[in-house]
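Encoded as C-alpha cells, the structure appears first; notes follow it.
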Amino acid sequence: MSEHPSTAKELAIFLFCSTVYRLFSGALLVSLTWTILKQNDGDYLPLALAIFCSFIPAFITPMMIKRLSRHMTGRQMSSLFVLCLTGLALISGFSRNFTLGLLITNLFVWLMIMSLEASLDMWFTQLQRGMDETKVRRISGATTATSQAALMIGPLLAAGLMPILTGIGFSLVLSTGFLLVAGICYTRNGLPMDVREKPEVAAPARLPMTLFVPMVLIWPILGAFNFMLPVYVSNHGWTLFELGVLDAVFGLGMALIGVLVIIANTGRNLLVYLSALTALAVISTTMWWLMPDTLFLKALSLLILGMAFGGARVHIRVAIACRYSEAAVGLYVSKANALATPMLLLILSLQLAIIENAWLLPFLLVTLSVVLLLQTSATRFARGQTPVEAMGA
C-alpha cells in the first residue's frame, strides 16, 4: 500500500475542524438534554428515552459509512455531516418548546454525530499513514486535548447563552459555527483515498475482543453519564450552571490526559500508562461514593474520571489507526457504535431501576474498559509488533 505524507497544514485543518465541531455539538447536546428534562420536571423517562433513541442511528451508521467510503474520503464525509448539523441546529431552535420535536431533532443530531465520529477517525487514519506509532499517539493526544477542551467549553457556552438568547438566537449561533466547519472541510484539498484500500472493507482483520469491547462501551459510557448527570443535578436542586460545570470538568479531564500523552512517551510504557488509568478510575469512583455532596468534590471526581476515560479513548484510536486502512477503521467504529445501542438500553434500564445510584454505572464501565485495555497491552497486538493491516484481510 502506498503511503500519503500528512503535512502540518493538513493536521492543523483536522485539529481546527474537529475542535470547533465538538465545541458547538457539546453546546447543542447539553441544551437539548436540559430542555427535555426541565419540560418534564420530576419525570426522568423522557430523558432516558431521548438518550436511548439517540443511539438508534448507530444501526444505520455502518451502512452509511460503508456505502459512502466507496466514493468519499473521511474529510469529505465530515464536511457533509457537519453541514447536516447546521440545519439541525436551526430546527432545534424552532422545536424548543415541543418535547416531541426535541426528541426527533435529538435523534437526527446523534445520527450525524455518530457518523462524524467514524468519518473523523477515517480522516485521522489517513493523515497518520506512515508515521511512527509513538508520534501517532502524541498527535492523538493533541486532538483529544483540543477536542475535549472544546467539549468542556461547549456546556458552559450553552449555560451562558441560553438564559440571554431566544431559542432561535441560540440555534443561529450554533448553526454559524457548524457552517464554518463544513465550509473549511469542503474547500480544503484533502489527501486522496487509495482505491487499493477498498477490498479491506469487506473483510478486515479481526480486532482482539479486549480492544473491541472498550470500543463498544464508549457510547454507552457517555450515554450513562449524560443521563446520570442531569438527574444528579436536578435531585440536588442545582441549576444549569452546576450541570455545565460538572460536564465541563469531565471534558477537562479528557483534555488533561491528552496533554500528558503529548508530554510523556506513553508508546514505550503502555503497561504503566494503562495501569495509571485503572488507578484513576478506581480513585474517582471511590471519591464520588464516599466524599460529601459538594460541587468542588464532585467536580474533582469527574475530572479524574475524565482523565481515565479520555486516556482509554486515546489508546483505542492509536491501536486501530496504526493497523487498519481508513475504510476499515470507519467500518469498525460504526459496527462498535451499532453494538453499543442494545448495551445502552440495558444500562439505561438499570439506571432507571436504581435511580438514586444511577451514577454508579458510568464509573464502573470506565473501570472495566481500562482493565480490558490493560489486558490487551500484554499482547503482541497492543505493543505493535505485528501490524494487522500488513497481514491482509
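The values are calculated or read from the model by the stated rules, or taken from the named source; none is laboratory data. No experiment lies behind these values; they were computed from the predicted model shown. Note that we place each Cβ from the backbone using ideal geometry, even for glycine, and neighbour counts take in every protein chain shown.
Taking residue 248, is it free of Cβ contacts under 8 Å to residues at least 40 places away in the same chain and either hydrophobic (A, V, I, L, M, F, W, C) or in a helix (DSSP H, G or I) (or both)?
Judged against the criteria, residue 248 is not a match.
Taking into account only those residues within region 51-87 that are assigned to a loop (DSSP other than H, G, I, E, B) and surrounded by 17 or more Cβ atoms within 10 Å (Cβ to Cβ), which is nearest to the chain's Cα centre (by Cα)?
Among residues in region 51-87 that are assigned to a loop (DSSP other than H, G, I, E, B) and surrounded by 17 or more Cβ atoms within 10 Å (Cβ to Cβ), the one nearest to the chain's Cα centre (by Cα) is 55.
Condition check: in contact (Cβ under 8 Å) with a residue 12 or more places away in the chain and either assigned to a helix (DSSP H, G or I) or in contact with a Leu (Cβ under 8 Å, 6 or more places away or on another chain) (or both). Does residue 104 satisfy that?
Taking the combined requirement at face value, the residue does not satisfy it.
Could you tell me which residue of region 172-194 is surrounded by the fewest Cβ atoms within 10 Å (Cβ to Cβ), considering only residues that are touching a Gly at 6+ places or on another chain (Cβ under 9 Å) and at pLDDT below 90?
Selected residue: 190.
Looking at 333, 318, 329, can you tell me which residue is at pLDDT below 80 and over 21 Å from residue 61 (Cα atoms)?
Of the residues listed, the single one that is at pLDDT below 80 and over 21 Å from residue 61 (Cα atoms) is 318.
Taking the conditions exactly as written (more than 26 Å from residue 155 (Cβ to Cβ) and in a helix (DSSP H, G or I)), does residue 284 satisfy them or not?
No: the conditions fail for residue 284.
Do the conditions hold for residue 246, that is, is it under 22 Å from residue 357 (Cα atoms) and modelled with pLDDT of 85 or more?
yes
Condition first: among the basic types (Lys, Arg), modelled with pLDDT of 75 or more and within 17 Å of residue 171 (Cα to Cα). Can you find one or more residues in region 60-70 that meet it?
Scanning region 60-70, I find no residue that is among the basic types (Lys, Arg), modelled with pLDDT of 75 or more and within 17 Å of residue 171 (Cα to Cα), so the answer is no.
Yes/no matrix, rows are residues, columns are (1) among the polar types (S, T, N, Q); (2) within 20 Å of residue 367 (Cβ to Cβ); (3) at pLDDT 85 or above; (4) more than 19 Å from the chain's Cα centre (by Cα):
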site	(1), (2), (3), (4)
251	no, yes, no, no
266	yes, yes, no, yes
270	no, yes, no, yes
280	no, yes, yes, yes
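Residue check: is residue 306 part of a helix (DSSP H, G or I), surrounded by 24 or more Cβ atoms within 10 Å (Cβ to Cβ), under 18 Å from the mean Cα position of the chain (by Cα) and modelled with pLDDT of 90 or more?
yes
Quickly run through region 143-171 and pick out the residues that are surrounded by fewer than 16 Cβ atoms within 10 Å (Cβ to Cβ) and part of a helix (DSSP H, G or I).
Matches in region 143-171: 160, 161, 168, 169.
Considering only region 12-32, state which residues are among the β-branched types (Val, Ile, Thr) and touching a helix residue (DSSP H, G or I) at 6+ places or on another chain (Cβ under 6 Å).
Answer for region 12-32, where residues must be among the β-branched types (Val, Ile, Thr) and touching a helix residue (DSSP H, G or I) at 6+ places or on another chain (Cβ under 6 Å): 19, 20, 30.
Name the single residue that is modelled with the highest pLDDT among those in region 88-109 being within 18 Å of the chain's Cα centre (by Cα) and within 25 Å of residue 163 (Cβ to Cβ).
It comes out as 109.
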